[in-house]
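Below: the structure, in structure tokens.
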Amino acid sequence: MHELALYSQIPTTRHTQVLQILSGVTASQPTETLEQTLIYQQLRLPDSGTSKKAQNRVVTAQPLRLTYHKLVRDLKEPSGDKTPWTFRSEDVPSPGVQNLIMRSVIETFITEADLERFRQGQVWYKYINQFLTHPSHRFIHGNIIIRISRLLSVPEGTGALEPLDAPVPALEDCKPVDPSGSFMFEAVVRVEDGGNSKLVELATKELLAFKKTVEGVVDLRVPERLSLDSRVKVKGT
């Protein structure tokens, strides 16, 4: 799967106004979410002798360089902190694309067996950190997924023993990653086959048309490509 995306930043003073405008643009009310994201550093690549069946499993179908991966869940789901984790792997954005970010993404629910790879003491992953998004709202506009979220850092030492079993950090103990309290605005279109130029062209047109629609309300822009590089930095590379 490929994602085409544009980003912006919304100051706290304009958050309510932007939500109201988007409700008009999308003719819908936003869905409130509360996501918890765990960040892991990959420690080793899958063994070359891994079975074909295992190679088809998403968490073993990794690129040939160590990367950072995420486990994500929405705590607003009815099952709360029992909600299954979603595995997410993000490739480096494609070079040569000037008007938006386009990159390959793997995103799927993870099995209990594969979740074991992320536990402390295993040889596959090292826990790095985590964050929450709150308040967080999601709109759907055609094929565009729009998210407006404030990222919250968790107290130091959270999940140090075993983050998968640790209680969810209390919101009152978390602080905005951006001291100003601003919100991240993300508009994304997903394309199942990134090699299909017609699908990519249609997705690009839809996303850029949305950018034009919200001009003067939200300044959607393209971040520097390598600022979204998910690869583990190795000394000397």
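Quick look at the values:
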| item | result |
| --- | --- |
| Three-way shape label, region 64-187, alpha-carbon gyration tensor, a/c 1.5 | oblate |
| Protein-only accessible surface order, largest first, of ARG150, ARG190, ARG221 at 1.4 Å | ARG221, ARG190, ARG150 |
| Cα centroid separation - region 71-94 against region 167-237, whole Å | 16 |
| Set LYS205/LYS233; LYS76/LYS126; LYS76/LYS175; LYS82/LYS175; LYS70/LYS205; LYS82/LYS126 screened for pairs whose C-alpha atoms are more than 31 Å apart | LYS205/LYS233 |
| Accessible surface of TYR68 - all protein chains present, 1.4 Å probe, nearest 10 Å² | 80 |
| Residue among LYS198, LYS175, LYS76 with the largest mean-square fluctuation in a Gaussian network model of the chain, springs linking Cα atoms under 10 Å | LYS198 |
| Length-normalised contact order of the chain in % [C-alpha pairs under 8 Å, at least 6 apart] | 31 |
| Highest-MSF residue in the chain out of GLU206, GLU90, GLU35 [GNM, Cα springs under 10 Å] | GLU206 |
| Separation in nanometres of the label points that stand 7 Å from Cα toward Cβ, at ILE145 and ALA209 | 2.1 |
| Distant-in-sequence amide H partners of LEU43 (H built 1.01 Å from N, under 5 Å) | TYR125, LYS126 |
| Extension gain, VAL232 back to SER79 (0.36 nm per residue minus Cα-Cα distance, nm) | 51.8 nm |
| Full-stretch length increase - VAL168, VAL217 - with 0.36 nm per residue and alpha-carbon distance subtracted | 14.2 nm |
| Sequence-distant residues sharing a close amide H with HIS141 (under 5 Å, placed H) | ILE146 |
| Gyration tensor verdict on region 151-194 (Cα atoms; rounded if a/c is under 1.5, prolate if a/b is larger than b/c, oblate otherwise) | oblate |
| List PHE183, PHE109, ordered by accessible area with a 1.4 Å probe, largest first | PHE109, PHE183 |
| In degrees, nearest ten, helix 197-213 long axis to first principal axis of the chain (Cα) | 50 |
| Distance between modelled label sites at GLU116 and VAL177, nm, 7 Å Cα→Cβ extension | 3.2 |
| Globularity index of the chain, i.e. its alpha-carbon radius of gyration over 2.2 N^0.38 Å | 1.05 |
| Charge dipole (the chain, unit charges on Cβ, about Cα centre) - positive-most of GLY157, SER79, GLN98 | GLN98 |
| Gaussian network model of the chain, Cα within-10 Å springs - most flexible of PRO95, PRO84, PRO176 | PRO95 |
| Theoretical gain in end-to-end length, GLU201 to ARG65 [0.36 nm per residue, Cα-Cα removed] | 46.0 nm |
| In Å², nearest 10: area of HIS2 left accessible to a 1.4 Å probe | 40 |
| With every protein chain in place, the chain: carbon and sulfur % of accessible area (1.4 Å) | 53 |
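The values are calculated or read from the model by the stated rules, or taken from the named source; none is laboratory data. Predicted, not measured: the structure shown is a model, and the values here were computed from it. We place every Cβ from the backbone using ideal geometry, glycine too, and count neighbours over all the protein chains shown. Surface accessibility is based on the protein's heavy atoms, side chains included, excluding ligands, DNA and RNA. Shrake-Rupley method; radii C 1.70, N 1.55, O 1.52, S 1.80 Å.
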